[in-house]
Amino acid sequence: MDKPPPPFDQLADLVAGDETLDQAVALTAALNAIPDLQKWLREQRQHVVRTLHDRDGTSYTDMAPALGVKPERVSGIARGHSRSPRKTARQEAD
């Protein structure tokens with residue numbers, strides 16, 4: 001894969017030009033930040049789903065097809081539930 005997926009086009013700048021140690025460092029930092037990025041994205045998605053539901057009255061049933069999930073999953077998103085397992089303190093220490 002030569003380019004990152006479309007939502008992350010700007011990351012291609014990390015590999016522009018000749019290969020350098022600075023690139024390797026920047027790519028490592030980006031990889032290490034992925035859990036933080038995922039947390040931020042989940043929080044933002046939850047905020048948007050809750051706002052659409054509470055402010056605009058958009059039902060979870062109406063949102064589900066656009067998000068590619070069932071209405072029950074949209075409800076879970078609004079409540080902040082994640083399908084990905086959370087790391088325990090022990091797992092993080094390993």
- Considering residues of region 1-60 that are of a type in the set (Ser, Thr, Tyr) and not in a helix (DSSP H, G or I) only, the residue surrounded by the fewest Cβ atoms within 10 Å (Cβ to Cβ): Thr20
- Task: Go through region 65-75 and count every residue that is in a helix (DSSP H, G or I) and closer than 25 Å to Phe8 by Cβ.
- Result: 5
- Message: List pairs: first residue in region 1-25 and within 25 Å of Leu41 (Cα to Cα), second residue open to solvent by 80 Å² or more (accessible area, probe 1.4 Å) and in a loop (DSSP other than H, G, I, E, B) anywhere in the structure, Cβ distance under 8 angstrom, at least six positions apart or on different chains.
- Response: Asp9/Lys3; Ala12/Lys3
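The values are calculated or read from the model by the stated rules, or taken from the named source; none is laboratory data. What you are looking at is a predicted structure, and each value in this text was computed from that prediction instead of being measured. Note that each Cβ is placed from the backbone with ideal geometry, even for glycine, and that neighbours are counted across all protein chains shown. The protein model used for the area step is the full one, side chains on, heavy atoms only, and it has no ligands, DNA or RNA in it. Shrake-Rupley method; radii C 1.70, N 1.55, O 1.52, S 1.80 Å.
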